[in-house]
Amino acid sequence: MKKSVTSAFVVAGAMSAALAMATAPASAAGTEGMEKCYGVALAGQNDCAAGPGTSCAGTSTIDYQGNAWKLVPAGTCTSIETPNGHGTLEAMEG
């Protein structure tokens, strides 16, 4: 009985490792063809970079915060219109 329990743990561990390796490239590939667009995220919906005192994703405090970015399809950032103007490829004040 002890041998079958050990075998089950080995199989479960191998399956977990295989799943982890299979999903890792997918998350890296998810950013391919995307660009950082500043000033287009709604409060709490930024992907990263929201200024000093913030940890990263989801930390923007106001809509269209100029130093918070969201990933958008490459080539579309500057055509995104917000109440504050268009998205930018570099951080802006506010």
What percent do you get for the relative contact order of the range 32-93 when only Cα pairs under 8 Å and 6+ apart count?
41 percent
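Count charges around A91 for me, please; just the other residues with Cβ under 15 Å from its Cβ, Lys/Arg as +1, Asp/Glu as -1.
Here the charged neighbours net out to -2.
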What is the sum of charges around Y38, taking Lys and Arg as +1, Asp and Glu as -1, for the other residues whose C-beta is under 11 Å from the C-beta of Y38?
-2
Quickly work out the T61-to-S79 label distance, labels modelled 7 Å from Cα along the C-beta direction, and quote it in nm with one decimal.
3.5 nm
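Readers should treat all values here as calculations from the given coordinates under stated rules, not as data from a laboratory. For clarity, every value in this text was computed on a predicted model and none was experimentally measured. Cβ: placed from backbone, ideal geometry, glycine included. Neighbour counts: every protein chain shown.
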